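**Student:** Pasting in a structure now, in structure tokens, and then I'll have a few things to ask.
The values are calculated or read from the model by the stated rules, or taken from the named source; none is laboratory data. These numbers were taken from a predicted model, which means no experiment stands behind them. Because the Cβ atoms are built from the backbone with ideal geometry, glycine has one as well, and the counts that use them run over all protein chains shown. Accessible surface is based on the protein model in full, side chains and every heavy atom, while ligands, DNA and RNA are left aside. Shrake-Rupley method; radii C 1.70, N 1.55, O 1.52, S 1.80 Å.
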Amino acid sequence: MLNVDNNRRHTPSTHSVGAFQRYPKNAWYVAAGREEVGRNPIGRKLVDEQIVLFRKENGDPVALQDNCPHRGFRFSSSRIIGDTIQCGYHGMVFNAQGRCVKMPLSGKIPEVMRVRAFPLVEKRHFIWIWVGDPSKAEPALIPRAPYEDDDSYDHQFYYPLPFAANFQLAQDNLLDTTHGSYLHAGLIDNEDNTELLAAEITSKVEGTVINRVLTMKGFVANASVAKVWHVPVGKPLTRIITVTNALPCAVNIQNQFFDPADGNKIVSERCTNIGLTPADKNHGYHFTAVSSSFRQTEQDKQAQLDILTQDMSALEMVQRHFEEYPDTAVEISVQMDRLGVLARRLLDDMVEKEGV
């Protein structure tokens with residue numbers, strides 16, 4: 001275990017600029033929200049693979065390479081027949097294991113007439129995919145999320161939000177506390193130095209998991225912040241934010257509000273569950289789901305969308321800068337960036353271990 005607050009000598013350097021960060025293949029990534037995938041095929045580029053997703057008649061999800069091996073026509077523009085998918089160009093039929101089982105004309109089906117099938121795991125909010133070595137696809141490696149097994153909480157998948165930037169820039173964003181008081185003023189906090197910027201922060205790293213706890217005593221929400229977090233206006237509370245980044249994909253942001261005047265009774269809890277999945281080196285997905293102690297409304301979803309829209313716009317602006325000026329654009333990292341820089345090093349190490 002590494003306590004990054006008390007061991008500055010371990011602050012890493014990395015050769016990967018955030019806008020061009022590499023990513024491992026032998027890992028679980030979020031492919032979709034579970035309610036996104038049904039009997040109509042959907043296509044999505046995930047971790048450099050063009051993939052089609054659909055469900056069999058019994059509800060089990062399937063992920064195949066999205067291009068028919070005959071002429072490359074997209075299965076996501078084709079149709080489901082029972083537990084198979086029929087290419088919309090020449091009618092070849094493929095089963096859930098990716099093997100061609102029927103051709104329009106008689107004759108032996110070539111053994112090579114098949115596509116890759118990808119391991120999937122379906123949990124509370126998400127469908128997870130493994131695009132690397134299938135022999136290493138252990139479901140136990142999928143990180144757990146707070147409250148995911150608690151049926152007394154309200155669990156809702158919000159949306160997949162695509163963005164035109166390297167997925168590491170989204171990791172940088174979620175590993176940084178400072179921007180919340182500026183980019184998201186009035187949504188995350190009151191833009192007051194007694195809040196996020198002055199929070200007591202502890203951080204630790206265990207393997208490829210980075211954990212932070214922000215403690216704010218005497219947090220007083222204004223009207224707009226109280227609405228977002230379902231807490232009373234003007235009442236001093238203890239706010240604790242626990243952020244867990246399980247590299248490369250899963251991020252959980254747990255917000256808890258306690259009433260010190262009532263024995264630290266819980267007032268409100270909400271965990272935003274995030275899957276950061278690269279599509280390719282310049283594009284990614286920000287999958288969002290929320291578990292909360294209160295019933296979520298459309299206003300809650302809109303507030304979350306407002307926050308993420310601000311984030312994605314910032315990421316895309318940074319990405320464009322490095323793409324437009326590859327020879328002169330420079331990053332200057334400071335103390336607040338230490339966890340983002342650490343994440344880059346850890347991801348580089350994961351890629352190096354794969355020998356790619």
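**Student:** For Gln302 and Ile42 in one chain, what is 0.36 nm times their gap in residues minus the Cα-Cα distance, to one decimal in nm?
**Tutor:** 91.1 nm
**Student:** OK, next. Quick one: accessible area per residue over the chain, 1.4 Å probe, rounded to a whole number of Å²?
**Tutor:** 46
**Student:** Further, regarding this structure: What percentages make up the Cα-Cα pair-distance distribution of region 119-266 when the bins are 5 Å wide from 0?
**Tutor:** Binned Cα distances yield the sequence 2, 8, 14, 18, 19, 17, 11, 6, 3, 2, 0.
**Student:** Using the 2.2 N^0.38 Å rule of thumb for compact globular proteins, work out how the chain stacks up: its C-alpha Rg over that value, please.
**Tutor:** So the chain has a normalised radius of gyration of 1.09.
**Student:** Quick one: angle between helix 298-324 and the longest Cα principal axis of the chain, in degrees between 0 and 90, rounded to 10, please.
**Tutor:** Approximately 80 degrees, to the nearest ten.
**Student:** Which whole-number percent is the relative contact order of the chain (Cα, under 8 Å, 6+ apart)?
**Tutor:** Answer for the chain is 21 percent.
**Student:** Given labels modelled 7 Å from the Cα in the Cβ direction, how far is it in nm from Thr238 to Met103?
**Tutor:** 7.0
**Student:** Hey, got the dipole for the chain? About the Cα centre, +1 on K and R Cβ, -1 on D and E Cβ, debye to the nearest 20?
**Tutor:** 1140
**Student:** If you roll a 1.4 angstrom probe over the protein chains with everything in place, what fraction of the accessible area of the chain belongs to carbon and sulfur, to the nearest %?
**Tutor:** 50
**Student:** Mind checking which lysines have their C-alpha under 24 Å from Lys281, skipping anything on the same chain fewer than 8 residues away?
**Tutor:** Lys25, Lys45, Lys136, Lys353
**Student:** Further question on the same structure: Which of Gly107, Gly38, Gly91 ends up with the largest GNM mean-square fluctuation for the chain, with Cα atoms connected below 10 Å?
**Tutor:** Ranking Gly107, Gly38, Gly91 by mean-square fluctuation puts Gly107 first.
**Student:** Ranked from highest to lowest mean number of other Cβ atoms within 10 Å per residue, what is the order of the peptides 75-88, 259-272, 160-173?
**Tutor:** Per-residue mean Cβ counts within 10 Å order the peptides as 160-173, 75-88, 259-272.
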